[in-house]
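Scroll down for the structure; my scribbles are underneath it.
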Amino acid sequence: MNILAFGASSSSTSINQKFATYTAQRIDNSNVTLAELNNFEMPVFSVDKESNTGIPEAATRFKNLIADADGIVISFAEHNGSYSAAFKNVLDWVSRLEGKVWLDKPMLLLATSPGGRGGQTVLKQAEGYFPFMGGQVAATFSLPSFHQNFSTEEGIKEEVLKNQFEQAVKSFEAALTSEVVG
């Protein structure tokens, strides 16, 4: 099973990159490709830029990562209640290659933040929108108060949240299994 995982943030110290990495490493029997959005920097999308210079090679590289994956794990940073500009730009460019960006792959959508809502607003946006872009959302999970509820050594520390997280991972694994079998 090939899993593509990334934090939808351009921060070099992204807690969402940490959380996506942690999560992907818990998927049974998988090979994980970790992507960092900073490796896919492109000009801000516009039809004028596309007309003048074409679609950047970085968009094709990102699309190839999606194509090579059996499933996708994304942890969203929430910027003013929405996607980070870096993620939205990658999404915009890749959608020009194919509107069904996620290629009907099973997805585990996550969000975390230092605050008590854990990026729930952006997570709900993605959960509602990604099916229109070819995403098969198998599960979602929001981790509030990242620094209090997570450590690299222990993972998720709070028991109720840990159980909810483990259930989300199991739902994703089940979707992966049915996708490979089906």
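Just a few scattered comments:
- Condition check for residue 113: polar (S, T, N, Q), more than 28 Å from residue 50 (Cα to Cα) and touching a Phe, Trp or Tyr at 6+ places or on another chain (Cβ under 7 Å): yes
To keep it simple, each residue is scored yes or no on (1) crowded, with 16+ Cβ neighbours inside 10 Å; (2) under 13 Å from the mean Cα position of the chain (by Cα).
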| residue | (1), (2) |
| --- | --- |
| 1 | yes, no |
| 6 | yes, yes |
| 15 | yes, yes |
| 24 | yes, yes |
| 41 | no, no |
| 48 | no, no |
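- Residue check for residue 174: buried (at least 22 other Cβ atoms within 10 Å of the Cβ) and at pLDDT 95 or above: no
- Only one entry in 101, 90, 122 is touching a Phe, Trp or Tyr at 6+ places or on another chain (Cβ under 9 Å), among the β-branched types (Val, Ile, Thr), farther than 21 Å from residue 32 by Cα and buried (at least 16 other Cβ atoms within 10 Å of the Cβ), namely 122.
- Taking residues in segment 5-26 that are more than 18 Å from residue 161 (Cα to Cα), and partners anywhere that are basic (Lys, Arg) and assigned to a helix (DSSP H, G or I), the pairs with Cβ atoms closer than 8 Å and at least 6 places apart or on different chains are 7/18.
- Residue 33 vs. criteria surrounded by 22 or more Cβ atoms within 10 Å (Cβ to Cβ), touching a strand residue (DSSP E or B) at 6+ places or on another chain (Cβ under 7 Å) and not basic (Lys, Arg): no
- Residue within segment 133-141 that is farther than 19 Å from residue 11 by Cβ, surrounded by 14 or more Cβ atoms within 10 Å (Cβ to Cβ), out of contact with any Leu (no Cβ under 9 Å at 6 or more places or on another chain) and polar (S, T, N, Q) present: yes
The values are calculated or read from the model by the stated rules, or taken from the named source; none is laboratory data. What you see is a predicted model, and the numbers here were worked out from it, not measured in a lab. Cβ coordinates were reconstructed from backbone atoms using ideal geometry, including for glycine residues, and neighbour counts include every protein chain displayed.
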